[in-house]
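Structure first, commentary second.
Taken together, the values in this text are just the output of simple stated rules run on the coordinates, not laboratory data. Everything quoted here is computed from the prediction, not taken from an experiment. Quick reminder, even Gly has a Cβ in these numbers, built from the backbone with ideal geometry, and neighbours come from all protein chains shown.
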Amino acid sequence: MNQVKLAIWSTAHEYKDGKNGAFRELSALMGMSEQVMRNKACPTSENSYFSPDQLLNLQNIADDYRINNAMRLAEKRAGATERGVTESLLHITSELGSMAHIISEAEADNKYTEREKSDCISQLNRIEKACEHLKLAIHQQEAGKLVRAV
């Protein structure tokens, strides 16, 4: 079963933490019967799928974007990561350390200049990219095997 199908199932079934009646409510908000929604959300269904517009609507209603994240990761999986899981995790901590340094310098005079704000945003973008590399490295691991990047 692929991660995109599992993300669709999880988004639909974990709406409002899966509380009683939440799936029925989500189905109504999506404009379909509960059974049609169940069929479309089922990861093993061969004949019933959400349209792209329905997937966007599902994510917006549920305020859950794991479907989009799974699709992005599936697209990136074709290429090898630059780092393995451990290396990716260490890279994130390094980037976080850089962020702490930028913030401590910015707060030294109790104000943020436009340049310091820009540096913070740039560093946050580097942290997000490092987190994406870690996600990709984790997804590339085979069950029961430790795979290192080449």
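Quick notes on this one:
- Short-range pairs are left out: with C-alpha atoms under 8 Å and at least six residues apart, the relative contact order of the chain is 25 percent.
- Estimated FRET transfer efficiency when R0 is 30 angstrom, pair Asp17-Tyr112 (beta carbons, to 0.05): 0.20
- Near Ser45, once Lys and Arg are set to +1 and Asp and Glu to -1 for all other residues with Cβ below 11 Å from its Cβ, the sum equals +2.
- Pairs of Lys residues in the range 1-138, spaced 8 or more positions apart or belonging to different chains, with C-alpha separations under 20 angstrom: 9 in total.
- Computed Rg/Rh of the chain, alpha carbon atoms with Kirkwood Rh: 1.11
- At full extension, Val36 and Tyr49 could sit 3.7 nm farther apart than now, given 0.36 nm per residue minus the alpha carbon distance.
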